[in-house]
1. Hey, with R₀ at 22 Å, roughly what FRET efficiency would residue 75 and residue 36 work out to, going by the Cβ-Cβ distance, to 0.05?
2. Let me check against my output: what whole-number percent is the relative contact order of the chain, with C-alpha pairs under 8 Å and at least 6 apart?
3. Average the reciprocal distances over every distinct pair of alpha-carbons in segment 5-54, invert the result, and give the Kirkwood radius in Å.
4. Provide Rg over Rh for the chain; use the alpha carbon set for both Rg and the Kirkwood Rh (inverse mean inverse pair distance).
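Please treat every number below as a calculation from the coordinates, not as lab data. Keep in mind it's a predicted model, so treat the numbers as computed, not measured. No Cβ is skipped: glycine too gets one built from the backbone with ideal geometry, and neighbour counts run over all protein chains shown.
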Ligand code: FES
């Protein structure tokens, strides 16, 4: 819940990656890896990590380590009174 925190959330629409990027900001990304479609579930050193082949993505979804070569889709998100809302 504090800035720098990272989590995944399972919803009726699928699994999403959430990063608290600031005191009043969050980033919400799809958890579907752009390499071969595995669900990204891990995190390490401020990056989301796909366990299938090791791709890593920044909290903005950009590839920081391949083999993936396309960013994760990012959704418009807001943090209000501790509640994350986003449009998928
Ligand atoms: Fe994620 Fe290959 S499916 S790294």
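1. On the way: r = 22 Å, r/R0 = 0.98.
Once the sixth-power term is evaluated, E becomes 0.55.
2. 22
3. 11.3
4. Working: Rg = 12.1 Å, Rh = 12.8 Å.
Result for the chain is an Rg/Rh of 0.95.
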